[in-house]
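Okay, structure first, notes after.
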Protein chains: 4
Amino acid sequence: RRNTPANGDLNGYAATSPPPRRGLFDTLSDDLQAALLEFVGTTVFLMLAFGGVQATGAEQASAGANGVGVSRVMYISLSFGLSLLISAWLFFRVTGGLFNPNVSTALLLAGVIEPVRFVLFCIAQLLGGIAAAALVLALTPDALASNCTLAPGINPAQAVWMEAFTTAILCLAVLMLAAEKHIATPFAPVGIGLTLFACELFSVYYTGGALNTARAFGPAVVTGFPSGTQWVYWVGPGIGSLIAAALYAALKHYRYWTLNP
Amino acid sequence: RRNTPANGDLNGYAATSPPPRRGLFDTLSDDLQAALLEFVGTTVFLMLAFGGVQATGAEQASAGANGVGVSRVMYISLSFGLSLLISAWLFFRVTGGLFNPNVSTALLLAGVIEPVRFVLFCIAQLLGGIAAAALVLALTPDALASNCTLAPGINPAQAVWMEAFTTAILCLAVLMLAAEKHIATPFAPVGIGLTLFACELFSVYYTGGALNTARAFGPAVVTGFPSGTQWVYWVGPGIGSLIAAALYAALKHYRYWTLNP
Amino acid sequence: RRNTPANGDLNGYAATSPPPRRGLFDTLSDDLQAALLEFVGTTVFLMLAFGGVQATGAEQASAGANGVGVSRVMYISLSFGLSLLISAWLFFRVTGGLFNPNVSTALLLAGVIEPVRFVLFCIAQLLGGIAAAALVLALTPDALASNCTLAPGINPAQAVWMEAFTTAILCLAVLMLAAEKHIATPFAPVGIGLTLFACELFSVYYTGGALNTARAFGPAVVTGFPSGTQWVYWVGPGIGSLIAAALYAALKHYRYWTLNP
Amino acid sequence: RRNTPANGDLNGYAATSPPPRRGLFDTLSDDLQAALLEFVGTTVFLMLAFGGVQATGAEQASAGANGVGVSRVMYISLSFGLSLLISAWLFFRVTGGLFNPNVSTALLLAGVIEPVRFVLFCIAQLLGGIAAAALVLALTPDALASNCTLAPGINPAQAVWMEAFTTAILCLAVLMLAAEKHIATPFAPVGIGLTLFACELFSVYYTGGALNTARAFGPAVVTGFPSGTQWVYWVGPGIGSLIAAALYAALKHYRYWTLNP
Ligand SMILES: [Ca+2]
Ligand SMILES: [Ca+2]
Ligand SMILES: [Ca+2]
Ligand SMILES: [Ca+2]
C-alpha cells in the first residue's frame, strides 16, 4: 500500500561526499536521462505558463475592452487551488486528502492504495461533488454557476487533451510530493494545491478546469446535465491518470534519485 | 490542556513497514471510515471552490459590465486571510493566536483551553474587534467600511448556515493543524490563514465573511449597529464551533491516524 | 548580539506533559496576560483586515465606476511583499536581510545588532533605496512612479500613525520570527514578506505604504523631493521601531513562552 | 558537482554562544562587508518593488481608463511564477528542476554541474520551450500569445539590462536556496518560483519577462520569429548568469556565513 522509502530518497541534501570520479563522460547515461527529464519538466513549466498567457489573452478578447473576465478567471483559479490546498492539509493525515477519483486512479495504478479502497474512494468523491454542488445551491440565492463548459472555439479533442495533460500534472504532484517520502512530504498539500492553481490558470477559461471527474460530475447532476460535454471530463482526466502513473513508473524504474550524483 | 500527542501522529510519514496482510477486505472497516471522510473532505473542498465560483458570478452580475466587484472581493478576502496568517504566526508561541471567540469555543469544547482562559479570551477578542474598528476609523478620513452585511437576495437562514459551515472549517483547521501535534504544526498559522482566505472567497460577497463574532461585532459597535443582522454573526459562527468540535471528537474517537495503514 | 535561545522556545510543540494542576484559577495570572495579548493580537489582525477593506473602498470610490485602482493597489502591495520575501530569503543567512533602517533600529534596541553595524546598515539601506530608484528610472522609459504620497483627505497625523503602527507590526515580525530562534525560524523571510504584504494592503492607498524610511527616501532623492511630506516617513516608521522594541521587551520580560502551559 | 556544505551553513540558527568580545569595532571588517551586502540586498528588494509600481503605472496609462492590463500583467506574472514553483518542486529531487539555460550556465560557472550535463541540459531546455509553445498552440483555438515583445518606448539597452538584472536575481536564488545546503533547502522551489513571480511583476510589461532564453526562444520558433528582438533574450539573460555567478563566487570567497557573528 505504501512504497518502501527508497534509500536514495534524501540524497538531494545528503552531506556525504560523492565518490571521486575521473572522466567527463562517466555519467553520460545519467546525464542523458536527466536531460530528457529536463525536457519534460521545461515543457510542463512553460506549457502551464504559456497556457496562462493564452487564456488571459483569449479571455480579454472575448470580454471586450473592460476585460472583467481576467479578474474572474483568476478568482476562480484561486478558489480551486486554495480550497484544495487547505482541505488536503486538514485531511492529509486522516485519509490522505485525495478528493479526486483521477488521483485515486493514479494512486491505485502506482500501488499506493488497494482496489477496495479505490472503489470506495471513487464513490465517496463523486458523492462529495454532488453534495458540494447541492450545498452551494442551497446556501445562495442564484442558479448554480459551477458547471464545466467549453470556451467558444475550442474543439472537444483539444478539451480532452488539455484536461488530460493538466490532470497528469496534478496526479504527478500527488505521487512525487505525497506518495514519495522525503523531508518536504508533510507540506505536500501546499504543493498539490498550488499545482491545481497553476493548472487552473491555463484551463479554467477553456474547459472549466475540472482535472477531476467529481468536480465536473457534481454540478452536472444537480443541474440536470445541461451541456452535453460531460464525457470530456471522464475521458480527459482518465487519460491524465494513466499518463501520470506511466511517467511515475518510469521514474521509479530508472531510479530517478540517482540522476543527481 | 494539551492533548497528549498520539503515537500514530506521524504515521503518515513513518518509515517502518506495515505488518503483512492477506485479504483484500481485511481493512474494510478502515476503508469505509476513510471513504466516509473522503466524502466529507471532497464536500469541503468543492463547496469552497464552487462557492468561490458562485460568489464571483453573482458579484459580476450585480456590479454590471465593468465588474469592479470581483477585484474588490478578492482584495478583501486576501486582506483577511493574509492578516490572520501573519498575526497568528507572530503570536503563535505567545497566546496561540486565536483572535476569534468561535475558535476559542471550539478549543474549549476540545479540551485544549480551560474555562477561565476561555472567558478571558472571548472578552479580549471582542474588545480587540472594537479597538481595531476604532483604530481604522481614526486613521482614515472616511466612514468605516467594514460592517458585515447580507448580499441582495440571500435570506438569513442561508447566511447563518454559510457562516456556520465556513466557521466550522476554520475551527477544524485550528484543531487539526495547531492543536494536533505533528511535523507541520509550527506552520499551522500559514494553513489557518489560508483556510480563512479560501472561506472568504466564498462568503465575503454573501455575508461579509465574518467566521468570527468579534469581526462582526467590532465595526457594529463603532458604527451603532446599523444593519439589524448582527444576530446572524453570533448564531452562525456559534453553530460552526459546535460542528467543528463534534467532528474533531469523532475523528479522535475513531483514531483517525489509523485509517492510513 | 544574538539572544540566547530561551529554554521555553519550543514549548509550543514539546511532547512532555505539563505537571498536574488542581484549581481552575491557578493559572489566572498567565490567563490574564495571555488574554491581554489576545486583545493586542486581535487588534492587529482586524486592524490590518479592516484597513484593507477601508482602503479598497476608498480606492474604488476615488477611481470611479471602473475601479481600476483596486487591482493596481493589490499589484503594488504584492510587489513590495513578494520582493521583500524573496530578497530577505536570499540574504537571510548572509546579512540577515533587513533592508530597512527602521528594522535596524528595532534590532539595535532589542540588542540583536550593535551600534557600529547599526550605523553602517542604515547608511547602506538609505543608499540602496536611492540606487533602486535610480535603476528603475534608468531601465524604464517613463518618469519615476514610486514616490510616497498621501491620499486625498488623510491628514498628516493619520499618516504618521498609520506608518507607525504598520511599521511596528513589521518590526515585531522580524523580532518574533527571525530574532527569536525556533523551528520555523529558517522560514522567517516568508512570514516577514507576507507581513509587509498585509500591511501594504492597508497603507498603500493612504500613505504609499513606506514602513521603511529608505523606501520613501530613495525615490524622493532621485526626483528632488517633490511632495513635502518626506518627514512623515521618518517620523512614522521611527515611532514604529520604538513601539515594536517596547512590546518585544515586554514579551521577553514576562517570558511569553510560559503563557501557554 | 555539489559543494561540500560549509560548516558555517547553519550558523544563522546555531544555539552555541559566540565567544566573548570586547571592542565596539572588533568586527568592523565584517560589519563593512555586511553593510555592503545590505546595500546590494536593499537595492534588489526595492528595485523589484519600485519596478512593479513602475510597470503597473505604465500599463494603466497605456490601457486607458479601464486599465484591464493591470489584472492581465498580474495574471501572467502569476502563471510564470506559480508554474515554475510547482514544476521545480515536482522535479527537484529528479533533475534539480532548472528548466532554464541561464540557470544552467550559472550552475556550470559555480561548479555545481559539469560541462556535459550543461550542454545536454541547455539543448533539452530549448527543446522544451519549443514543445511547450507547440502544445499550447495545438490545445487552444487562437494564435499563440506568448511571444516576448518590448513595451512601447523602452529601448533595447534598457530591455537587455532589465533582463540581465532580473535573471541575475533568479540565478542567485537558485544558487543561494538550492545549491547551498541548509535547513530550508528542500523548500528551495518555493523560493525560486516566488523569485520569478516578483521579477515578472517588474518585467512582464516591459520585456515580456523572459529571464530564460528557452522561454523566449520556444514561442519565437513556433511563430517564425515575428519580432526581431530575439537577440535581447539571449544577451540579457546571458549577462544575468555571469553577474549571478560572479556575486556568488564573491560571497563564497568572503565566506558570507561568517558575517552574522
Ligand atoms: Ca542512474
Ligand atoms: Ca482503524
Ligand atoms: Ca508565566
Ligand atoms: Ca568574516
Revision key, fill the gap. Out of (1) modelled with pLDDT of 95 or more; (2) closer than 23 Å to C:L48 by Cβ; (3) of a type in the set (V, I, T), the one B:T149 does not meet is (1)
Check your understanding: Which numbered condition trips up C:T95, out of (1) assigned to a helix (DSSP H, G or I); (2) at pLDDT below 95; (3) among the polar types (S, T, N, Q)?
Key -> (1)
Check your understanding: Any chance region D:198-209 includes a residue that's more than 26 Å from C:P189 (Cβ to Cβ) and not hydroxyl-bearing (S, T, Y)?
Key -> yes
Review point. So B:V174 fits all but one of (1) open to solvent by 10 Å² or more (accessible area, probe 1.4 Å); (2) facing chain A (nearest Cβ under 9 Å); (3) aliphatic (A, V, I, L, M); what number is the exception?
Key: (2)
Review point. Among C:V103, C:V53, C:V70, C:V116, which is assigned to a helix (DSSP H, G or I) and open to solvent by 10 Å² or more (accessible area, probe 1.4 Å)?
Key: C:V116
Review point. Are any of the residues in region B:210-222 open to solvent by less than 50 Å² (accessible area, probe 1.4 Å) and touching an Asp or Glu at 6+ places or on another chain (Cβ under 8 Å)?
Key: yes
Practice item. Output yes when any residue across region B:126-135 is β-branched (V, I, T), assigned to a helix (DSSP H, G or I) and more than 7 Å from chain C (Cβ to nearest Cβ), and no when none is. Key: yes
Check your understanding: What do you reckon, is A:R255 surrounded by 24 or more Cβ atoms within 10 Å (Cβ to Cβ) and among the basic types (K, R)?
Key -> no
Review point. Are any residues in region B:232-250 crowded, with 21+ Cβ neighbours inside 10 Å and free of Cβ contacts under 8 Å to residues at least 12 places away in the same chain, and if so, which ones?
Key: none
Revision key, fill the gap. Scanning region D:136-146 residue by residue, those assigned to a loop (DSSP other than H, G, I, E, B) and open to solvent by 40 Å² or more (accessible area, probe 1.4 Å) turn out to be D:P141, D:D142, D:A143, D:A145
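Listed here are the residues, each with its yes/no results for (1) within 11 Å of C:I86 (Cα to Cα); (2) more than 9 Å from every other protein chain (Cβ to nearest Cβ); (3) not aromatic (F, W, Y).
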| residue | (1), (2), (3) |
| --- | --- |
| D:T166 | no, yes, yes |
| D:I169 | yes, no, yes |
| D:P186 | no, no, yes |
| D:P189 | no, no, yes |
| D:G193 | yes, no, yes |
| D:F197 | yes, no, no |
| D:L201 | no, no, yes |
Check your understanding: If you go through region A:186-208 one residue at a time, do you hit one that is under 30 Å from A:A138 (Cβ atoms), more than 16 Å from ligand 3 (Cβ to nearest atom), open to solvent by less than 10 Å² (accessible area, probe 1.4 Å) and polar (S, T, N, Q)?
Key -> yes
Review point. (1) more than 9 Å from chain A (Cβ to nearest Cβ); (2) in contact with a Gly (Cβ under 6 Å, 6 or more places away or on another chain): which one isn't true of D:W161, the others all being true?
Key: (2)
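The values are calculated or read from the model by the stated rules, or taken from the named source; none is laboratory data. Since the model is a prediction, treat every value here as computed from it, not as a measurement. Cβ sites come from the backbone with ideal geometry, for glycine too, and all protein chains shown count toward neighbours. These accessible areas exclude ligands, DNA and RNA; they are computed on the full protein's heavy atoms, side chains included. Shrake-Rupley method; radii C 1.70, N 1.55, O 1.52, S 1.80 Å.
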